[in-house]
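Enquirer: One structure, pasted below without further comment.
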Amino acid sequence: MPNKFYTIDQVAEILDMHHKTIRKFITDGKLGASKIGKQWRISEYELNSFMENNRDKSIGNPEVGFSIQEGPATFIKKRINVSTVIDISEIDKDQYMRISNALIAIMNCKDPEMQNSTIHMKYNEKENRLKVLLWGQVKFTEEMLDSITLLVEATNQ
């Protein structure tokens, strides 16, 4: 059976990655490819080897893994990350201080599984508005949204 060859765009689509990422893998020697004219071609063998070598280890992204099955390659997301902005209006400086201190305390006590999660807060005193930016796993975001809701409701009573 003849070996199949893929373009960078085809490999990017198979792996659900940006074409520039695939080019970087080629440049770094992580993904074997041959230049035919002015275009790169990746053999099915090289693509399968690349995915097999990176099945259980990260390629600069711990959330990504690959799985090889008979037939087309499968891309697996091991973890989902979410970012969200919460805009809280009509909040005075004292309320902001209570909420931000509580959120910082929650972040300092967070589950080790959520180690890469982040929170950023910006208070606009002139507009009495607090913006909270969350980034992390779905579980982290859900827990923080619940906490923020409770804290804001408690300050409104």
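The values are calculated or read from the model by the stated rules, or taken from the named source; none is laboratory data. What you see is a predicted model, and the numbers here were worked out from it, not measured in a lab. Glycine also receives a Cβ, built like all others from the backbone with ideal geometry; neighbour counts cover every protein chain displayed.
Enquirer: Could you say which residue among LYS35, LYS24 is basic (Lys, Arg), out of contact with any Phe, Trp or Tyr (no Cβ under 7 Å at 6 or more places or on another chain) and not in a helix (DSSP H, G or I)?
Expert: Of LYS35, LYS24, the one residue that is basic (Lys, Arg), out of contact with any Phe, Trp or Tyr (no Cβ under 7 Å at 6 or more places or on another chain) and not in a helix (DSSP H, G or I) is LYS35.
Enquirer: Taking GLN115, is it out of contact with any helix residue (DSSP H, G or I) (no Cβ under 7 Å at 6 or more places or on another chain), modelled with pLDDT under 70 and within 18 Å of GLU142 (Cβ to Cβ)?
Expert: yes
Enquirer: Let me ask something else. Could you check GLY65 against (1) surrounded by fewer than 17 Cβ atoms within 10 Å (Cβ to Cβ); (2) at pLDDT below 90; (3) within 24 Å of the chain's Cα centre (by Cα) and say which number it fails?
Expert: (1)
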